[in-house]
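Since the structure comes first, as structure tokens, the remarks are kept for the end.
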Amino acid sequence: SSSLFKSPHFTLNPKNPKPTSHLPINIIKASSSSSSSSTPTPTPTPTPALKSSTTIREDARRHNTTHSHHFSAKYVPFNADPSTTSESYSLDEIVYRSQSGTLLDVQHDLQALKHYDGTYWKSLFDSRVGKTTWPYGSGVWSKKEWVLPEIHSDDIVSAFEGNSNLYWAERYGKQFLEMNDLWVKHCGISHTGSFKDLGMTVLVSQVNRLRKMGRPVVGVGCASTGDTSAALSAYCASAGIPSIVFLPANRISIAQLVQPIANGAFVLSLDTDFDGCMNLIREVTAELPIYLANSLNSLRLEGQKTAAIEILQQFDWEVPDWVIIPGGNLGNIYAFYKGFSMCKELGLVNRIPRLVCAQAANANPLYLHYKSGWKDFKSVKASTTFASAIQIGDPVSIDRAVYALKNSNGIVEEATEEELMDAMAQADSTGMFICPHTGVALTALIKLRNSGVIGKTDRTVVVSTAHGLKFTQSKIDYHSKDIKDMACRFANPPVSVKADFGSVMDVLKKYLLSKAPMY
């Protein structure tokens, strides 16, 4: 029968781990005792079929490649010594912490994945970019075997998130930092405007699977400083699953607040900060059939790690020297580390980049911990910051972040409110339109560049976590010079001019002379 889309399909036969491809590429088999010694012969790409009335889900169902492999994953206690503990859980269990109360991690069967070499995985992932084949058109699900290998495609809830722009910040790098290889990974160019989509597609897909299995999950809940609630409500709405959101009152932008409301979430505005909301949602989910969606849940990190893999993919599998990531609840720094380290472990690259976690000075517990030489961690009472999504004083993923930074020879930096807003304004003046959190990351870059830690030719990626359109009020206040105790040095307010030809000409001549003295 004809199909709506005839994109490349890879199949993995559990009885014979030799990959079969419809791609006109050479697939190199990894040396393995369980593999055949012959290299599979690619067959020509089939010609497109005539238009059909089937959907891409139905097309994927007919190909039925979801279970034709032997890959698996499970929950294990984070960073536990496998020689001293055998504790593990199926991903179909509703569990958030280990028996001892520590965080969990999703552990993949790397030995099964190693039946295929790095060249195979690079070819497979590259073959899916830009396709509409369900669910591989998503930047997350194009790495499905490394994310949730056992989920059926029918259960996946996706908006084809990911595949975000890696922007060469040519003018910004040259003008402000004397750098020629600076890049900004715009994770905010996504379905709901932040990187949180990458993790939420995974979590909500697994919840969708659990509900179909008859597990006691009525809805999904989260505490949020804005972006998490936007992502959760959108993906739950897409799947018809109730979402419950705990928000700190008067601490997030209107643009962030309206997203869960518009997507039909049940929103509770609480007179506390994020940490207070987090404590409440933990208590509630322990008593009610509500699945916890915060980054305490390690499933989200499986989606977020694909942004790291995507960066390598966009550089044609060359490894950058530095990756700088804003940090609040600190799950993302570990997710990036996990993505990079999986690529190294499975032979796609031979090293990982150095990671930098950038914090707002008003919410900087990790920075203080780093500066103390990783001595006893102490939470802080977070003060108000324009980088509201990282206004967190007691981060859930502190242990994950420390592990990632220690294993990547990483650094932690901080940004004051004035520094982050100035950095945001400077970046915007070169054609970007970034969020305050990216301003925090750029401030870290500026400090490390000025101190000589990052060199002018180092290939550096700054991760932009949300779209600037979510934070327009902060930009309006800055350019209006309406922020108390802030000089707003790079403000660009509109000029009031009388509506007559002579006045307009005078102002324009003065402006043009300032830009081109020879005019």
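For residues in region 150-183 being touching a strand residue (DSSP E or B) at 6+ places or on another chain (Cβ under 6 Å) and in a loop (DSSP other than H, G, I, E, B), which is surrounded by the fewest Cβ atoms within 10 Å (Cβ to Cβ)?
Asn165
Could you tell me which residue of region 478-504 is surrounded by the fewest Cβ atoms within 10 Å (Cβ to Cβ), considering only residues that are among the aliphatic types (A, V, I, L, M) and touching a residue at least 60 places away in the same chain (Cβ under 8 Å)?
Ala487
Cβ-Cβ under 8 Å, sequence separation 6+ or interchain: first residue in region 249-274 and of a type in the set (Asp, Glu), partner surrounded by 16 or more Cβ atoms within 10 Å (Cβ to Cβ). Which pairs?
Here the result reads Asp273/Pro248; Asp273/Arg251; Asp273/Ala382; Asp273/Gln391; Asp273/Gly393, each pair linking region 249-274 to a residue that is surrounded by 16 or more Cβ atoms within 10 Å (Cβ to Cβ).
Might you check whether a residue that is modelled with pLDDT under 95, of a type in the set (S, T, N, Q), under 20 Å from the mean Cα position of the chain (by Cα) and buried (at least 22 other Cβ atoms within 10 Å of the Cβ) occurs anywhere in region 231-243?
Taking every residue of region 231-243 in turn, none turns out to be modelled with pLDDT under 95, of a type in the set (S, T, N, Q), under 20 Å from the mean Cα position of the chain (by Cα) and buried (at least 22 other Cβ atoms within 10 Å of the Cβ).
Residues checked against (1) in a loop (DSSP other than H, G, I, E, B); (2) polar (S, T, N, Q); (3) open to solvent by less than 10 Å² (accessible area, probe 1.4 Å):
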| residue | (1), (2), (3) |
| --- | --- |
| Phe377 | yes, no, no |
| Leu420 | no, no, yes |
| Gly431 | yes, no, no |
| Thr443 | no, yes, yes |
| Val453 | yes, no, no |
| Ile476 | no, no, no |
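Any residue at all in region 445-457 that is of a type outside the set (A, V, I, L, M), under 27 Å from Gly226 (Cα atoms) and modelled with pLDDT of 95 or more?
No: zero hits.
Would you call Ile324 among the β-branched types (Val, Ile, Thr) and either touching a Gly at 6+ places or on another chain (Cβ under 8 Å) or over 27 Å from Ser451 (Cα atoms) (or both)?
Spelling it out, it is not the case that Ile324 is among the β-branched types (Val, Ile, Thr) and either touching a Gly at 6+ places or on another chain (Cβ under 8 Å) or over 27 Å from Ser451 (Cα atoms) (or both).
Tell me, which strands (runs of 3 or more DSSP E) lie completely within region 211-271 with 2 or more residues that are under 18 Å from Thr384 (Cα atoms)?
243-248, 266-270
Scanning region 251-269 for residues that are among the polar types (S, T, N, Q) and more than 18 Å from Leu280 (Cα to Cα), which turns out most open to solvent (accessible area, probe 1.4 Å)?
Asn263
Let me spell it out: the conditions are (1) more than 14 Å from Ala308 (Cα to Cα); (2) touching a Ser or Thr at 6+ places or on another chain (Cβ under 9 Å); (3) open to solvent by 10 Å² or more (accessible area, probe 1.4 Å), and Glu145 meets all of them except one. Which number is the exception?
Checking Glu145 against (1) more than 14 Å from Ala308 (Cα to Cα); (2) touching a Ser or Thr at 6+ places or on another chain (Cβ under 9 Å); (3) open to solvent by 10 Å² or more (accessible area, probe 1.4 Å), the one that fails is (2).
Any idea which residue in region 361-375 is nearest to Glu414 (Cα to Cα), counting only those that are without any contact (Cβ under 8 Å) to a residue 24 or more places away in the chain and assigned to a loop (DSSP other than H, G, I, E, B)?
Per the criteria, the residue is Ser372.
Pick from region 56-67 the residues that are part of a loop (DSSP other than H, G, I, E, B) and within 28 Å of the chain's Cα centre (by Cα): which of them is modelled with the highest pLDDT?
In this case the residue turns out to be Thr65.
So which residues in region 121-134 are within 21 Å of Ser153 (Cβ to Cβ) and not small (Gly, Ala, Ser), if there are any at all?
Result: Trp121, Leu124, Phe125, Asp126, Arg128, Val129, Lys131, Thr132, Thr133, Trp134.
Do we have any residue at all in region 21-39 that's part of a loop (DSSP other than H, G, I, E, B), open to solvent by 40 Å² or more (accessible area, probe 1.4 Å) and either modelled with pLDDT of 90 or more or under 30 Å from Gly331 (Cβ atoms) (or both)?
no
Scan region 194-217 and give yes if some residue there is open to solvent by 10 Å² or more (accessible area, probe 1.4 Å), under 22 Å from Pro326 (Cβ atoms) and either without any contact (Cβ under 8 Å) to a residue 24 or more places away in the chain or of a type in the set (D, E, K, R) (or both), otherwise no.
Looking for residues that are open to solvent by 10 Å² or more (accessible area, probe 1.4 Å), under 22 Å from Pro326 (Cβ atoms) and either without any contact (Cβ under 8 Å) to a residue 24 or more places away in the chain or of a type in the set (D, E, K, R) (or both), one finds at least one in region 194-217, hence yes.
The values are calculated or read from the model by the stated rules, or taken from the named source; none is laboratory data. Not measured: the values here are computed from a predicted model. FYI the Cβ positions are ideal-geometry reconstructions off the backbone, even for glycines, and counts take in every protein chain you see. Calculation scope for accessible area: heavy atoms of the full protein, side chains included, ligands and nucleic acids excluded. Shrake-Rupley method; radii C 1.70, N 1.55, O 1.52, S 1.80 Å.
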